[in-house]
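Asks: Quick one: the structure is below, questions incoming.
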Amino acid sequence: MAFRGTRDGVTCHMKRIVPFSILVLILSLSLASEAPAQVQTRIRIIQASNVDSNIDPSLRDVHGQLGSLFNFTSYRLLRDETLSLSPNQPAEISVHKDISLEITWVGKHKNIPELRVIIKRQRTDILNTQVRLSPGRTVLIGGPKHGEGVAILAFSAGF
């Protein structure tokens, strides 16, 4: 009889644990499904030069940042693209002639998307770095020569 009582105790205990375990599993799956499958990343390619002193009006939001980091008198927007990046799936865009840009979402650091940015000239890496895109911030990277100036890359992310 002692065995039967223990078995009934185990059965009673299992009746409490199974529904709780199912609830935990359901919550875990729903939280995992809320994790974004993609990160929206805006990339602007800007030509910076000292040919004149024009500032493209569409760069108003980063003009102060450009002026504090780079010593040019003119900034002109060449390209403005929004990419939907999936984890570890590189996206490539052309910057200028034989220059291309490869961007890969490599993960998150404290819930901030982290991207690998590779600038290539004739398919050879000339810059390989990682950036973190905080909400409401733009990351600027001075790029390769472009015309009479240089290309500057501006990255920002949407959540």
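Asks: Which one is modelled with the lowest pLDDT among residues in the range 32-58 that are surrounded by 11 or more Cβ atoms within 10 Å (Cβ to Cβ) and polar (S, T, N, Q)?
Replies: Applying the filter and picking the extreme gives Q38.
Asks: Quick one: is R137 farther than 18 Å from L83 by Cα and at pLDDT below 95?
Replies: When the stated conditions are applied, R137 does not pass them.
Asks: Specify the residue that is farthest from the chain's Cα centre (by Cα); the eligible residues are those in the range 145-159 that are more than 11 Å from I112 (Cα to Cα) and surrounded by 18 or more Cβ atoms within 10 Å (Cβ to Cβ).
Replies: Per the stated criteria, the residue is G149.
Asks: Determine which member of the set S68, S84, S74 is surrounded by 13 or more Cβ atoms within 10 Å (Cβ to Cβ), among the polar types (S, T, N, Q), closer than 16 Å to G142 by Cα and in the same structural domain as A151 (by TED's automatic domain parsing).
Replies: S74
Asks: Condition first: within 25 Å of F70 (Cα to Cα), over 17 Å from the mean Cα position of the chain (by Cα) and part of a loop (DSSP other than H, G, I, E, B). Can you find one or more residues in the range 103-126 that meet it?
Replies: no
Asks: Would you mind finding the one in D80, D61 that is part of a helix (DSSP H, G or I) and at pLDDT 90 or above?
Replies: Among D80, D61, only D61 is part of a helix (DSSP H, G or I) and at pLDDT 90 or above.
The values are calculated or read from the model by the stated rules, or taken from the named source; none is laboratory data. Model, not experiment: these values are computed from the prediction. Reconstructed Cβ throughout: ideal geometry from the backbone, glycine too, with neighbour counts over all protein chains shown.
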